[in-house]
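Everything below concerns the one structure shown next.
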Amino acid sequence: MDPWFVASIVLAIALALAITVARRRDLEVRRARLAVSVSPDSPSGDLVSAVSRLQAQADDDARALAHERLERANLADTLESGVIRVDAALQIVEANDLAHGQLGRPAGSLIGRSLMEAFLDETAESVARAALEAGVVGAELRPAGPDGAVIALRARRSGTGGAWLVLEDVSELRRLQRIRTEFIDNLSHELRTPLTTVSLLAETLSREAAQAGDEIPPRMRERIEKIEIETGHLVQMVNELLDLSRIESGGTLEFADGVDLGRLAADSAERLRLFAERQGVSLRIERSPGALTVRGDAARLGQVVVNLVHNAVKFSPDGGDVVVRTEPAGGEVVVSVEDHGVGIPAGARERVFERFYKVDRARLRAEVGGGTGLGLAIARHVVEQHGGRIWVHSREGEGSTFSFALPTSPAPAR
């Protein structure tokens with residue numbers, strides 16, 4: 001279910017609760033006013049009449065409150081997610097039937113229990129406490145043990161005290177994600193061997209054609225070159241598919257303290273200098289003095305820089321230049337890759353970091369050759385896994401600047 005839809009339903013329930021509380025307070029005020037208005041000197045008939053009116057009003061309010069509780073309970077039960085409300089002490093005061101089922105409890109048995117008693121997992125209590133402070137917090141847990149269902153838990157602070165908890169069973173989603181990851185892994189490994197063989201044969205054929213000189217017709221040379229280029233694209237796609245699959249499935253990163261991002265960016269960009277020269281593009285590297293250290297996986301961060309520089313060179317015109325800059329900025333280290341190529345249309349800038357998305361495929365393929373559409377998606381995932389952010393500034397026809405920022409960390413003691 002769409003989390004925004006769930007959030008809107010939870011807000012509706014919270015509003016209904018607020019209305020209930022307001023009505024209770026209104027009833028108390030009316031009772032107090034009536035008590036003040038009736039004095040011992042009033043005729044007994046007036047007193048009896050006032051008490052009768054108060055009783056009738058109290059009965060009406062009690063029926064209205066009972067109806068509202070029933071409506072709120074029915075609304076919660078129509079959701080495809082479990083809903084729990086806890087008070088400030090993290091005691092459960094409301095829970096719909098689905099929440100009872102997800103936690104393996106009989107209907108109504110959660111009321112009055114603590115979150116620890118309900119979930120048998122301290123994670124739920126930690127999430128609720130964090131929501132009381134931060135407003136909205138989420139996590140995943142397995143209340144029934146390692147082999148049980150995977151429950152996505154989202155907690156939102158309530159405006160009347162306590163918090164709302166929304167539980168969603170994501171076991172099937174995680175199973176499908178695991179199947180997808182395994183499929184891509186297997187497919188990539190199965191394709192790598194024949195593609196590597198074809199790539200080597202194409203490279204050998206190209207070298208032998210060059211040695212043969214004029215004995216090879218120009219049209220055949222073009223076809224051999226085309227085979228080599230397209231095989232390279234296939235190898236790149238398989239490698240990037242495998243990388244993206246591992247990153248999205250939460251593959252472990254090798255974090256290290258004191259990674260000099262300035263030096264890393266420079267070294268990574270240098271790996272593409274020969275490629276830039278072949279494309280007729282000038283590659284310039286600018287670094288701020290001193291170490292610009294971050295905590296991260298050096299290999300993955302280097303891959304981000306390589307992907308950005310490769311794109312910048314590919315989309316630059318013959319004779320153009322690409323600038324790689326690294327500088328500190330407000331507690332972060334910012335790496336920027338600037339080109340003066342075709343640029344990105346305004347309507348596409350929000351989507352360039354999506355998987356397989358390509359800007360104006362026909363035009364760009366004709367001008368600079370095709371790509372996999374995965375490089376920027378990989379860059380985004382790696383940067384976000386490091387707690388950073390990535391963005392682009394571009395003007396169509398004038399070029400683009402892709403940047404990412406990571407929080408600084410102190411250099412390791414020597």
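The values are calculated or read from the model by the stated rules, or taken from the named source; none is laboratory data. If you're wondering where the values come from, they're calculated on a predicted model, not measured in any experiment. Reconstructed Cβ throughout: ideal geometry from the backbone, glycine too, with neighbour counts over all protein chains shown. Ligands, DNA and RNA are stripped out before the accessible areas are found, and what is left, the full protein with its side chains, is counted by its heavy atoms. Shrake-Rupley method; radii C 1.70, N 1.55, O 1.52, S 1.80 Å.
The numbered conditions (1) part of a helix (DSSP H, G or I); (2) under 36 Å from the mean Cα position of the chain (by Cα) are all true for Asp257 except (1). Taking region 102-117 as the search range and keeping residues that are open to solvent by 30 Å² or more (accessible area, probe 1.4 Å) and among the polar types (S, T, N, Q), which one is nearest to Trp164 (Cα to Cα)? Among residues in region 102-117 that are open to solvent by 30 Å² or more (accessible area, probe 1.4 Å) and among the polar types (S, T, N, Q), the one nearest to Trp164 (Cα to Cα) is Gln102.
Listed conditions (1) open to solvent by 80 Å² or more (accessible area, probe 1.4 Å); (2) farther than 30 Å from Pro407 by Cα are all met by Asp257, apart from (2). For region 125-159, the tally of residues that are touching a Phe, Trp or Tyr at 6+ places or on another chain (Cβ under 9 Å) and of a type in the set (A, V, I, L, M) stands at 5.
In region 213-226, is there at least one residue being in contact with a His (Cβ under 8 Å, 6 or more places away or on another chain) and surrounded by 14 or more Cβ atoms within 10 Å (Cβ to Cβ)? The answer is no; no qualifying residue exists.
Yes or no, residue by residue, for (1) open to solvent by less than 30 Å² (accessible area, probe 1.4 Å); (2) part of a helix (DSSP H, G or I); (3) over 29 Å from Leu241 (Cα atoms):
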{"residue": "Thr123", "(1), (2), (3)": "no, yes, yes"}
{"residue": "Glu140", "(1), (2), (3)": "no, no, no"}
{"residue": "Arg156", "(1), (2), (3)": "no, no, yes"}
{"residue": "Val166", "(1), (2), (3)": "yes, no, yes"}
{"residue": "Ile179", "(1), (2), (3)": "no, yes, no"}
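Applying a threshold of 6 Å to beta carbon distances and a minimum spacing of six or more residues, or different chains, the list of pairs starting in region 107-126 at a residue that is farther than 16 Å from Ala144 by Cα and ending at one that is of a type in the set (Asp, Glu) and open to solvent by 30 Å² or more (accessible area, probe 1.4 Å) reads Ala107/Asp97. Can you name the residue in region 91-101 that is crowded, with 19+ Cβ neighbours inside 10 Å and touching a residue at least 40 places away in the same chain (Cβ under 8 Å) and is also farthest from Ser158 (Cα to Cα) among such residues? The qualifying residue farthest from Ser158 (Cα to Cα) is Leu98.
Would you check which residues across region 260-270 are open to solvent by 10 Å² or more (accessible area, probe 1.4 Å), of a type outside the set (Asp, Glu) and farther than 10 Å from Gly302 by Cβ and list them?
Arg263, Ala266
Evaluating Ser188 against the criteria (1) outside any strand (DSSP E or B); (2) open to solvent by less than 60 Å² (accessible area, probe 1.4 Å); (3) touching a strand residue (DSSP E or B) at 6+ places or on another chain (Cβ under 9 Å) leaves one unmet condition, (3).
Looking only at region 97-115, count how many residues are assigned to a helix (DSSP H, G or I) and modelled with pLDDT under 90. Full working, then the answer.
Taking region 97-115 as the starting set, the residues that turn out to be assigned to a helix (DSSP H, G or I) are 97-102, 115.
Next, from what is left, pick out any that are modelled with pLDDT under 90: 97-102.
Within region 97-115, residues that are assigned to a helix (DSSP H, G or I) and modelled with pLDDT under 90 number 6.
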